[in-house]
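**Student:** So that we are looking at the same thing, I have put the structure below in structure tokens.
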Amino acid sequence: MRSGFYGAILLALSGVAAVSTGAQQVTTPAILKKVGITQNLNAQIPPDLMFRDETGKSVRMGDFFGRKPILLSLVYFDCPALCTEVLNGELRTMKAISLDLGKDFEAITVSFEPKDTPSLAKAKRDVYVGQYGRPGAEDRWRFLTGDQQSIDALTNVAGFHYAYDPSIRQYAHAAAILILTPDGRIDRYFYGVQYPARDVRLGLVEASEGKIGSLTDQALLYCYQYDPMTGKYGVVVMNVLRAAGGLTVLVLGIFMTLMFLRERKRPEGVSQANFKSEI
């Protein structure tokens, strides 16, 4: 296999260039120059794109819109390495967060290999839904296949660039998962094969516009902000300082109110006696 399949496609794992321009000219295979991710935040996934579900039934992407935020992954089902790592990483994160697949969000995995079949999609779904293990998830993590036209339309909107190498009969591609809003707009990208549970949870809560999650999530979203350059949530220092200042004022206000109420409840005679004794 050619150079360990391009060194495990290190470029694809990061989703962005990981080495200097000069080093790329020397070490990066030409095919990997076609591979990567272009962020198209807020782009609308066309609802009329047609695919096939695990039973072979034709479905529209729009059939999955309008309910909950969606985790979208792009893989192919007989991939020998990277796609499995993407799905394994997605599964680990889904199991690590308290939000439930089906109740709080949905997941769609689409193959970009037009030769993949619904039977392969069903086999993959059965494995991953079975490992997820929470009730009600079987019909909420969908594995879809489609023709080249639909695949091209979806990957172009998603900014997902890949290339086929006929010499080894495999695809070179990037590794990432996307979060879509309930109406099918691209809201977040998370790169690589390990997706921090906190970041994915915040991304799902943010994509839902606060319709899922807790007050703690809303507080975290005030202090953390998504950085498109890194595909991660980072601390917004000014917001943290504002939150700390507001909390300090609140605590002082509560303390002063309690002290005022305590003084009002104290008997007048006791107060006067204490005043005379102090004199």
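**Student:** If you count only protein heavy atoms with a 1.4 Å probe, what accessible area per residue comes out for the stretch 67-113, rounded to a whole Å²?
**Tutor:** Details: 1320 Å² over 47 residues.
Ligands and nucleic acids excluded, the figure is 28 Å² per residue.
**Student:** Order the following by accessible area, largest value first: R140, R125, R198. Probe radius 1.4 Å; ligands, DNA and RNA are ignored. Intermediate values should be presented prior to the final figure.
**Tutor:** Details: R140 75, R125 25, R198 100 Å².
Descending accessible area places them as R198, R140, R125.
**Student:** Taking a ≥ b ≥ c as the square roots of the Cα gyration tensor eigenvalues, with a/c under 1.5 meaning rounded and otherwise prolate when a/b beats b/c, else oblate, which class fits the stretch 43-132?
**Tutor:** Oblate is the answer for the stretch 43-132, as a/c is 1.5 or above yet b/c matches or exceeds a/b.
**Student:** Enumerate the aspartates and glutamates that K34 could reach by cross-link, defined here as Cα to Cα under 19 Å, with residues fewer than 8 away along the same chain left out.
**Tutor:** E113, D152, D165
**Student:** ³J(HN,Hα) across the stretch 132-143 via Karplus (A = 6.51, B = -1.76, C = 1.60, θ = phi - 60°), whole Hz, x for Gly/Pro?
**Tutor:** With the stated coefficients, the stretch 132-143 comes to 5, x, 8, x, x, 8, 4, 9, 10, 10, 9, 10 Hz.
**Student:** Separate question: Roughly speaking, to the nearest percent, how much of the stretch 106-188's 1.4 Å accessible area is carbon and sulfur?
**Tutor:** The nonpolar share, carbon plus sulfur, comes to 49 percent.
**Student:** Please list the non-local residues whose amide H lies under 5 Å from the amide H of F160, H modeled 1.01 Å from N, same-chain partners needing a gap of 5 or more.
**Tutor:** Those lying under 5 Å, H to H, from F160 are T38.
**Student:** For V59, what residues show an amide H to amide H distance below 5 Å, using hydrogens built from the backbone and excluding near sequence neighbours?
**Tutor:** Those qualifying (amide H under 5 Å, at least 5 residues apart or on another chain) are F51, R52, D53.
**Student:** Let me ask something additional. Along the stretch 189-203, what does the Karplus equation 6.51 cos²θ - 1.76 cosθ + 1.60 (θ = phi - 60°) give for ³J(HN,Hα), rounded to whole Hz, x for Gly and Pro?
**Tutor:** Once rounded to whole Hz, the list reads 10, 10, 8, x, 10, 10, 10, x, 4, 4, 5, 5, 4, 4, x.
**Student:** Can you order the peptides 52-61, 113-122 by their average number of other Cβ atoms within 10 Å per residue, highest first? Can you show the working numbers first?
**Tutor:** Numbers: 52-61: 15.4, 113-122: 17.1.
Descending mean neighbour count gives 113-122, 52-61.
**Student:** Next question. Take the alpha-carbon centre of the stretch 176-209, take the same for the stretch 97-129, and report the distance between them in whole Å.
**Tutor:** Going from one Cα centre to the other spans 16 Å.
**Student:** Next question. Which entries of K68/K103; K57/K211; K68/K115 have Cα-Cα distances beyond 19 Å here?
**Tutor:** Distance filter (> 19 Å) returns K57/K211; K68/K115.
The values are calculated or read from the model by the stated rules, or taken from the named source; none is laboratory data. Here the structure is a predicted model, which is why all the values come from computation and not from measurement. Cβ sites come from the backbone with ideal geometry, for glycine too, and all protein chains shown count toward neighbours. The accessibility values were calculated without ligands, DNA or RNA, using every heavy atom of the protein model including side chains. Shrake-Rupley method; radii C 1.70, N 1.55, O 1.52, S 1.80 Å.
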